[in-house]
Amino acid sequence: MMTFQGNHILSVSQLDRESITRILDVSAKMVPYSTRQKRCYVLEGAILSSLFFEPSTRTRISFGTAFNLLGGFVRETVGEENSSLSKGESLFDTAQVISGYSDIIAMRHPKMHSVAEFAQGSSVPVINGGDGANEHPTQALLDLFTIQSEMQHFGKNLDNLNITLMGDLKHGRTVHSLSKLLSLYKNMSITMVSPDALRMPDSVLSILDDAGHKIIQTDKLEGNLSSDVVYQTRIQQERFASSGEADLYRGHFSLNKQVYQDYCKKNTVIMHPLPRDSRPEANELDNDLNDLQHLAIFRQAQNGVLVRMALFALALGVENKLTDYEKPITWHTTK
Ligand code: CP
């Protein structure tokens with residue numbers, strides 16, 4: 001099992017099945033805090049530096065929320081243009097400086113492998129919040145947590161599942177990281193629905209192949225959605241040379257209520273890392289599915305808080321001290 005305390009979390013390749021089970025178990029322990037039944041102040045006084053050099057809503061806010069829910073403070077910078085990277089400072093120098101201010105760092109950057117480069121200069125653990133088209137390990141972990149919790153309703157676990165990955169599988173870092181994690185489980189059947197030009201990279205396919213999983217690659221949605229989980233993705237416009245090139249692929253595999261009724265199983269769970277592109281020309285996941293019980297996208301986003309809390313607790317060595325540092329909730333919300 002991976003040693004978490006004091007270590008960076010840069011890639012899902014660092015994780016074996018036992019490490020993942022540990023992360024998912026610690027994540028489940030965070031529910032009373034994320035649902036505001038109790039407060040936890042085990043990280044009181046600790047500082048997270050949150051460095052997001054690429055746009056984000058969920059990952060950035062949920063990292064910060066997760067750290068706050070464990071009692072820690074968050075400092076952040078958003079956008080390369082607002083940091084001294086724009087003045088030519090290297091990632092190494094930035095890491096040397098910021099790690100001196102912090103106990104842990106979460107970072108997103110548009111360049112592949114940049115977070116690992118940054119981590120080389122950091123004296124504190126760095127968690128990868130997404131590095132270009134490469135990886136998004138915390139998203140993959142929250143996706144796995146979501147698959148596990150959704151499948152429990154049907155008496156299933158993380159083995160023996162049929163999963164459809166759909167959309168921009170070439171540039172989508174969430175499906176790259178998730179596929180690598182799925183390779184650790186048994187007897188999976190993975191159907192990949194994408195335009196030919198946006199197929200899953202060979203490097204990821206070979207990992208699934210080595211795991212003995214059945215892989216189907218297709219550019220047809222019809223007949224390929226009767227899975228336990230359909231994981232839809234957005235055309236990653238920001239990874240194309242031009243917006244015009246991305247336009248060629250938008251709207252190809254729109255999933256709506258009619259498509260669900262025609263091609264999914266009765267209980268197929270729909271996931272999406274979000275953001276979904278709701279513009280009419282894309283609309284990969286239609287709002288007419290919002291009332292579908294098996295649409296898991298908002299539960300999935302909420303699970304991001306749990307998983308990121310768990311990673312902070314593990315990296316800072318407090319995962320077994322949570323209950324020693326609890327307080328009652330003193331305020332009321334409408335929840
Ligand atoms: N899923 C995800 O990474 O969302 P954000 O880009 O909003 O962080």
Quiz item: Among the residues of segment 249-259, is there at least one that is modelled with pLDDT under 95 and among the aromatic types (F, W, Y)?
Solution: yes
Exercise. Could you tell me whether any residue of segment 40-50 is within 16 Å of the ligand (Cβ to nearest atom) and among the aromatic types (F, W, Y)?
Key: no
Practice problem: Could you list, in sequence order, all residues of segment 40-55 that are closer than 12 Å to M107 by Cα and either surrounded by fewer than 18 Cβ atoms within 10 Å (Cβ to Cβ) or touching a Ser or Thr at 6+ places or on another chain (Cβ under 6 Å) (or both)? | Solution: S49, L51, P55
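For segment 147-154, check the following and say yes or no: at least one residue is assigned by TED's automatic domain parsing to the domain that holds P273 and within 16 Å of the ligand (Cβ to nearest atom). Step through it out loud before you land on a result.
Quick first cut of segment 147-154, residues assigned by TED's automatic domain parsing to the domain that holds P273 only: 147-154.
Next cut, within 16 Å of the ligand (Cβ to nearest atom) only: 147.
Checked segment 147-154: at least one residue is assigned by TED's automatic domain parsing to the domain that holds P273 and within 16 Å of the ligand (Cβ to nearest atom).
Which is in a loop (DSSP other than H, G, I, E, B), open to solvent by 40 Å² or more (accessible area, probe 1.4 Å), at pLDDT below 95 and under 29 Å from D159 (Cα atoms), of K266, K335? Spell out the reasoning first.
Working: K335 fails: under 29 Å from D159 (Cα atoms).
One residue alone meets the criteria, K266.
Quick one: which helices (runs of 4 or more DSSP H) sit completely within segment 89-199 and have at least 3 residues that are open to solvent by less than 10 Å² (accessible area, probe 1.4 Å)? Show your work before the answer.
Numbers: elements: 91-101, 114-119, 137-152, 173-182.
Hits in segment 89-199: 114-119, 137-152, 173-182.
Please determine, by comparing only the residues of segment 312-331 that are open to solvent by 90 Å² or more (accessible area, probe 1.4 Å) and part of a helix (DSSP H, G or I), which one is nearest to T65 (Cα to Cα). Give the steps one after another, and end with the answer.
Going through segment 312-331, the residues open to solvent by 90 Å² or more (accessible area, probe 1.4 Å) turn out to be 320-321, 323-324, 328, 330-331.
Checking which are part of a helix (DSSP H, G or I) leaves us with 323-324.
Numbers: T323: 19, D324: 20 Å.
Residue satisfying both the conditions and the ranking: T323.
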Exercise. Might you let me know whether segment 276-291 holds any residue that is away from the ligand (no atom under 16 Å from the Cβ), farther than 30 Å from V230 by Cβ and not in a strand (DSSP E or B)?
Key: no
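Could you pull out every one of the strands (runs of 3 or more DSSP E) wholly within segment 18-83 that has 3 or more residues that are within 25 Å of L274 (Cβ to Cβ)? Quick ask: steps written out before the conclusion?
Numbers: elements: 38-40, 47-52, 73-78.
Hits in segment 18-83: 47-52, 73-78.
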Quiz item: Which residues, taken from segment 201-229, are part of a strand (DSSP E or B) and more than 21 Å from the chain's Cα centre (by Cα)?
Solution: K214, I215, I216, Q217, T218
Quiz prompt | Enumeration of residues in segment 200-231 that are open to solvent by less than 50 Å² (accessible area, probe 1.4 Å) and under 20 Å from H272 (Cβ atoms) | solution = M200, V204, T218, L221, N224, L225, S227, D228, V229, V230, Y231
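Could you please find all residues in segment 273-283 being open to solvent by less than 20 Å² (accessible area, probe 1.4 Å) and at pLDDT below 95?
Keep residues of segment 273-283 that are open to solvent by less than 20 Å² (accessible area, probe 1.4 Å), which gives 273, 277, 282.
Within segment 273-283, D277, A282 meet the criteria.
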Self-check item: Any pair with Cβ under 7 angstrom, 6 or more apart, that starts in segment 269-292 at a residue that is closer than 22 Å to L142 by Cα and ends at one that is exposed (fewer than 12 other Cβ atoms within 10 Å of the Cβ)
Solution: P275/T57
Quiz item: Using beta carbons and a limit of 6 Å, which pairs, at least six apart or on different chains, have the first residue in segment 296-311 and surrounded by fewer than 24 Cβ atoms within 10 Å (Cβ to Cβ) and in a helix (DSSP H, G or I) and the second one of a type in the set (D, E, K, R) and at pLDDT 95 or above?
Solution: A301/R58
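Based on what the data block shows, is E245 open to solvent by 50 Å² or more (accessible area, probe 1.4 Å), closer than 23 Å to N134 by Cα and in contact (Cβ under 8 Å) with a residue 24 or more places away in the chain?
Numbers: open to solvent by 50 Å² or more (accessible area, probe 1.4 Å): yes; closer than 23 Å to N134 by Cα: yes; in contact (Cβ under 8 Å) with a residue 24 or more places away in the chain: no.
It is false that E245 is open to solvent by 50 Å² or more (accessible area, probe 1.4 Å), closer than 23 Å to N134 by Cα and in contact (Cβ under 8 Å) with a residue 24 or more places away in the chain.
The values are calculated or read from the model by the stated rules, or taken from the named source; none is laboratory data. Every value quoted in this text rests on a predicted model; they were computed, and no experiment measured them. A quick note on method: Cβ atoms are made from the backbone with ideal geometry, for glycine too, and the neighbour counts reach across all protein chains shown. Note: accessible area is taken over every heavy atom of the protein model, side chains too, but ligands, DNA and RNA are not part of it. Shrake-Rupley method; radii C 1.70, N 1.55, O 1.52, S 1.80 Å.
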